[in-house]
Amino acid sequence: MPHKRFLFLSFLSLFLVLLLLLMPEGAPCKADAGSAPQIVQKGMTLQSSGEICVVDYSYPQLAGLKDRKLQAKMNTMLKDFFYPGNLDEKEKEFMRLPRNRDKSSWTEIRDYSAEIIKGAILSVHYSSIGYLKAAAHPTKLYAALTIDLAKGGTITLKSLFRKGAPYRDRLSAAAKKEFREGIEPLEKWNEKDFFLTDDSLILFNLTDSYVSQGIHAPIKYSEMADILSPEGPLRSFAEPSKP
C-alpha cells in the first residue's frame, strides 16, 4: 500500500508540473477574474524649448477593468485633465513680463491623490505647486475629477443630492467650520471644486486669499445623509426615501 501511494503522488506531481509548463504565458488565474479596478501612477517630465519652464507631472491610470475600451477612454481623461499644456507658449508669455527677462526659471510639480469608492466611483484630487526663481511664495493650484466607473462619465456635485435639496446652503454652512474667525469662504464657490473619499465630500478653492487658499473642507456623508439622493452615486450613504 505505501508503494502504491508513493506512485500515485509521484504521478500527481508530474501531472501538475506538465500542466504548469503547458499553460500559456500570462494566462489569468481565476482569482483575478473578478478583481477590483486598480489605480496605477504614471508620470513624465516636460520642458520648454528654452529650458525655462519645467514641469514634473504625475497622474493616475486605471487597470483591471473588463471593458478595455472604457478603461482607455477614462485613462485619456485622467491624463489630459490636469496636463500642463504647451510649455513653449507658457515660456513666451513668461518672458514677455519685464521682471522675467533676466532668465528666471519656473519649476512646477503636479501631483494627485485618488480613491475608489465602493468599487464604483473614482475621485481624483489634483494639486500643483509652482516655484518662480527668487519669488517670495510658491503658486498653488487645485482641481478634481470624479468619474462613474461603470459608464465612464463625470459625476457632478448636483447629481449626488435629492432633487430640490438645498445642498449648497448645507455644504456652505458645514465648510465654514474649517475657517478661522475673520476669514469667510466665497459665497459663489465653483461646484466643480469637490472630490470624494470613502466617508466624506471635500470642498476646496473656497477663498481668494493666498493665506487660506489651501483650506479643504471635509463634510461627512453622515452629516448630509438626509439630502443625498437614494438613486445617486452616493446612494449607499443616503437615508432611505420615506413612504
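The values are calculated or read from the model by the stated rules, or taken from the named source; none is laboratory data. None of the values given here were measured: they were computed from a predicted structure. Reconstructed Cβ throughout: ideal geometry from the backbone, glycine too, with neighbour counts over all protein chains shown. These area figures cover heavy atoms from the full protein model, side chains too; ligands, DNA and RNA do not enter into them. Shrake-Rupley method; radii C 1.70, N 1.55, O 1.52, S 1.80 Å.
In terms of solvent-accessible area of protein heavy atoms at a 1.4 angstrom probe, what is the ranking of Met95, Met74, highest value first?
Listed by decreasing accessible area, they come as Met95, Met74.
To the nearest 10 square angstrom, what accessible area does Asp80 show with a 1.4 Å probe?
Approximately 90 Å² of Asp80 is accessible to the 1.4 Å probe.
Around Thr139, what is the net charge, scoring Lys/Arg as +1 and Asp/Glu as -1 over all other residues with Cβ under 13 Å from its Cβ?
+3
What per residue convex hull volume, in Å³, do the alpha-carbon atoms of the stretch 111-209 yield?
Spread over its residues, the Cα hull of the stretch 111-209 gives 124 Å³ apiece.
Net charge near Tyr57, counting Lys/Arg +1 and Asp/Glu -1 over other residues with Cβ under 14 Å of its Cβ? Intermediate values should be presented prior to the final figure.
Details: positive: Lys42, Lys79, Lys90, Arg110; negative: Asp56, Asp80, Glu108, Asp111.
The answer is 0.
I'd like the accessible area for Arg96: 1.4 Å probe, protein heavy atoms, all chains in place, Å² to the nearest 10.
Estimated to the nearest 10 Å², Arg96 gives 150 Å².
As I understand it, the dipole of the stretch 138-180 uses +1 on the Cβ of Lys and Arg and -1 on the Cβ of Asp and Glu, about the Cα centre. Which of Ile155, Pro138, Ser172 lies farthest toward its positive end?
Of the candidates, Ser172 comes out farthest on the positive side.
Projected area of the stretch 56-141, taken from the Cα convex hull and averaged over every viewing direction, in nm²? Present the calculation step by step, with values, prior to reporting the outcome.
Values: hull surface 27.5 nm².
For the stretch 56-141, averaging the hull's shadow over all directions gives 6.9 nm².
Carbon-plus-sulfur fraction of the accessible area of the stretch 111-243, 1.4 Å probe, in percent? Numbers along the way, then the final one.
Working: 3770 of 7360 Å².
Exposed carbon and sulfur together represent 51 percent of the surface.
Dimensions of the stretch 34-193 along principal axes (Cα, Å, largest first)?
Rounded to whole Å, the extents work out to 55, 48, 21 Å.
Please give me the summed charge of the neighbours of Leu46: other residues whose Cβ is under 12 Å from its Cβ, Lys and Arg +1, Asp and Glu -1. Display every interim value, and only then the final one.
On the way: positive: Lys90, Arg110; negative: Glu51, Asp56, Asp88, Glu91, Glu108.
Residues near Leu46 contribute -3 overall.
Arranged from highest to lowest average of other beta-carbon atoms within 10 Å per residue, in what order do the peptides 140-147, 225-232 appear? All intermediate terms of the calculation are to be shown ahead of the outcome.
Values: 140-147: 18.9, 225-232: 15.5.
Per-residue Cβ counts within 10 Å, averaged per peptide and sorted highest first, yield 140-147, 225-232.
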